[in-house]
């Protein structure tokens, strides 16, 4: 297995270090921390809700995001920030990084940090067709801007980076238990072969700038009308996985089970096509994208095992049972990818 570094990521990110970093960043605008600090649920990065006072003494909160070392370059992070700023300028509800002293990304004591406004909300009710239609409109508006120009720095979601390379890395670094290695190698290769068949059936679909990780935890719903219409209804949070890819990547995780998918797709695409045409060929990619996410997810956990937060949160990962379940899951995906793609209900 992989070697554990002498100094795990975030080893020096104490509460005092977090508060000091925000004081340093906020100094040009008179923003100061009050000492209130709450760690939010995030594994890839470290994210905190921090009590602050502005230059006029008004109390509030900011969200501080400390980026994982080595995952994205500065240019890639800044490119994501710029895309979200485009969305906000077009009145698409999203949460942009604050610009302080002309920058959205700040370097303090070896950490890269961005500050965001705190934006509350609840998970959307995906059993409500009106909610799904509204989210579909919202995603389409995001994609209209996403299709206007490509990312120059951020990568594309493709078979190589989300499937072939993660699989090869897991096998090369002996993460799969020896008794299950041959079974995992075989079924994961079958799964990748079927993924390629799905992409071939879809044909040459367009790659656009995406949110990249649209599940119900990253879509917050606000029920109270405020002075700004963008504060009502859904809004996206956490564009950290934003990259180039097919539009359906931002839809399929909201589809639910195979039984739920036709109804949900009807509402989602119905809303989507009020602002942007949806290419039905992309429905051939739904199960392929799900498969790639499964392969990528296992490698993501393994690559983060040097971070103490990961063994604590994913204690089941380094066990034969985990890999037995992944083998079964991939077998099910091989079968799902040979079936006709999901279609909206009539």
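Read-outs throughout are calculated quantities, based only on the coordinates presented, and are distinct from any laboratory measurement. It should be emphasised that the depicted structure is a prediction, and the values quoted were computed from it without experimental measurement. Virtual Cβ from ideal backbone geometry, glycine too; neighbours counted across all protein chains shown.
Beta bridges per DSSP, both residues in the chain: antiparallel share near 95 percent.
Taking every alpha-carbon pair in region 15-117 and binning the separations at 10 Å intervals from zero gives 15, 48, 33, 4 percent. One chain, two ends: residue 338 and residue 180. Fully extended at 0.36 nm per residue, the span grows by 54.4 nm beyond their Cα-Cα distance.
Dividing the convex hull volume of the Cα atoms of region 90-214 by its residue count, what figure in Å³ per residue is obtained?
228
If you average over every viewing direction, what projected area does the convex hull of the Cα atoms of region 136-192 give, in nm²?
Values: hull surface 24.3 nm².
Hull-based average projected area comes out at 6.1 nm².
Over the residues of the chain, the helix contribution to mean residue ellipticity at 222 nm works out to -12500 deg cm²/dmol, using -39500 (n - 2.57) for each DSSP H run of at least 4. Highest mobility in the GNM of the chain, judged by mean-square fluctuation with C-alpha springs under 10 Å and restricted to 151, 297, 67, is found for 297.
Counting only DSSP beta bridges whose two residues both lie in region 15-117, roughly 100 percent are antiparallel.
Take the Cα atoms of the chain, build their convex hull, and give its volume per residue in Å³. Mind showing how you got there, number by number?
Numbers: hull volume 49.2 nm³, N = 346.
Spread over its residues, the Cα hull of the chain gives 142 Å³ apiece.
Determine Rg/Rh for region 103-169; Rg is computed over alpha-carbon atoms and Rh is the Kirkwood hydrodynamic estimate from the same atoms.
A ratio of 1.09.
Across all directions of projection, what mean area in square nanometres is found for the Cα convex hull of region 242-315? Don't skip to the end; give the middle numbers.
Numbers: hull surface 26.1 nm².
Mean shadow area of the hull around the Cα atoms is 6.5 nm².
Report the calculated FRET efficiency for residue 274 and residue 88 (r = Cβ-Cβ distance, R0 = 22 Å), to the nearest 0.05. For R0 = 22 Å, the calculated efficiency reads 0.60. Computed packing ranks the peptides 311-318, 90-97 as 90-97, 311-318, most packed first, by mean other Cβ atoms within 10 Å.
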